[in-house]
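The values are calculated or read from the model by the stated rules, or taken from the named source; none is laboratory data. Values in this document were obtained by computation on a predicted structure and should not be read as measured data. Glycine also receives a Cβ, built like all others from the backbone with ideal geometry; neighbour counts cover every protein chain displayed.
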Ligand code: SF4
């Protein structure tokens, strides 16, 4: 997720989000969260990804629109550029270490853009009104700048990732499954694990770092549950501002995230059963594709497609959700 200075985030532009990308109007991309695939309404599966958890924390009604109603969303330039940049950074590691240079990485941009258009034809709509290709050229140049900035933050010639674009999934004792895609996993000779995520947005202000780290702690919890190893370091690489945010988690951090996710899932289940999905307007509504269906903007949600029971305290719980 790209992080804004408002302490919350606009739609994710990473493949972790591509792992469960914003719902798109075109053919669904491969996803770690099948619940976001556009189509017939569905009961949420007993699984959470960081993006869908963040959706519910941001606005329960947004979660409903994405997971249950599966309303389509238009691709955005920022999110699509994020996907493109991530693809370039991943592919660069195919080259021998000495050849992992900035010029080579930038040279990968056009080819990866072609591949992205092939796999997700709907992204071409972004530039349908740009017959001269000027806006596309600027957009690609910005992608190249983001790629180039990475070399001021990390040296890929000295890195040998254990995993790239790693799909992870773990089941908690409660039966809730946690899933997602981690951009990069580094493992030191000593066995210490570092989880790395690239962001094409800017680093958050320090007071909002906890929200930014939520996704990383989520992944750390999954790794801990899967491998019985607490990652030594969580690292967010902000290509938009040229910052690196790190955090060294301890088991208590991850236990806290697990409790948080279980409470979140309880609230989601209650809302699913009662049909009581509260809108929670914030500045992020500006990024929401569903204002036409949102009561906060004079819209009406589609008829609720699932059976309901009488509402209880679930709505009050929805209002307290947050990343920390
Ligand atoms: S417009 Fe805002 S309040 Fe309405 S569904 Fe979207 S995020 Fe929620």
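Brief remarks follow.
Yes/no matrix, rows are residues, columns are (1) buried (at least 19 other Cβ atoms within 10 Å of the Cβ); (2) within 16 Å of the ligand (Cβ to nearest atom):
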{"residue": "45", "(1), (2)": "no, no"}
{"residue": "51", "(1), (2)": "yes, yes"}
{"residue": "89", "(1), (2)": "yes, no"}
{"residue": "94", "(1), (2)": "no, no"}
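- On the stretch given as the stretch 283-292, residues that are within 7 Å of the ligand (Cβ to nearest atom) and surrounded by fewer than 19 Cβ atoms within 10 Å (Cβ to Cβ) total 3.
- Matching helices (runs of 4 or more DSSP H) fully within the stretch 40-126 where at least 3 residues are free of Cβ contacts under 8 Å to residues at least 40 places away in the same chain and assigned by TED's automatic domain parsing to the domain that holds residue 138: 102-119
- Sole residue being within 14 Å of the ligand (Cβ to nearest atom), touching a residue at least 60 places away in the same chain (Cβ under 8 Å) and closer than 15 Å to residue 52 by Cα, chosen from 265, 277: 277
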